[in-house]
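The structure under discussion appears below in the form of structure tokens.
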Amino acid sequence: MKRNNIEKCRNLRKNQTDAEKKLWAVLRNRQMAGTKFRRQFSIGRYILDFYSPKYRVGIEADGGGHYEDRENQRDKLRTKELSILGIEILRFNNLEILNNIEGVCEVIEQTIEDKKMNLPLTSILSPKGRGSKENRNLLLHRERK
């Protein structure tokens, strides 16, 4: 599959927010549950802040703009479309990442461990995966209205 937006991804990696920098510091080099994450990874028309290809988990660090109605609707559509591709999206706001990185890490680790325990090996390795659960209402993940 040809990746789109390569130049945009590179620019986003060069201009990370403080929250993205902090989260990347704990995700990089397989520090999180031995899992490989990529940053600013393009999938279709979307760019995920962080993505684990093996477990098909995307992590989004949301700034203040994501709480406006229009952005909130876009986020819901994006999550739904990625879910159809078998990608589970975890969303954290920047303040959660900056002020409670331990709690954020706990949610991510638990999600990865759940994926390890619940998915057959062929589903983990398959490009199409098995489909994902609806967006979880995890410890720090809040479903926005």
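The values are calculated or read from the model by the stated rules, or taken from the named source; none is laboratory data. As the structure is a computational prediction, the values presented were derived from the model and not from experiment. Ideal geometry is used to build each Cβ from the backbone, glycine not excepted, and the neighbour counts take in all protein chains shown.
Quick look at the values:
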read-out	value
So residue 26, is it aliphatic (A, V, I, L, M), touching an Asp or Glu at 6+ places or on another chain (Cβ under 7 Å) and modelled with pLDDT of 90 or more	no
Residues of segment 1-47 satisfying the condition of being surrounded by fewer than 12 Cβ atoms within 10 Å (Cβ to Cβ), within 22 Å of residue 106 (Cα to Cα) and touching a residue at least 40 places away in the same chain (Cβ under 8 Å)	18
Residue in segment 117-127 that is closer than 30 Å to residue 7 by Cβ, modelled with pLDDT under 95 and not in a helix (DSSP H, G or I) present	yes
Every residue from segment 48-95 that is buried (at least 18 other Cβ atoms within 10 Å of the Cβ) and among the β-branched types (Val, Ile, Thr)	57, 59, 79, 87, 89
Contacts under 6 angstrom Cβ, first residue in segment 50-70 being within 18 Å of residue 101 (Cα to Cα) and at pLDDT 95 or above, partner small (Gly, Ala, Ser) and assigned to a strand (DSSP E or B), 6 or more apart	51/58
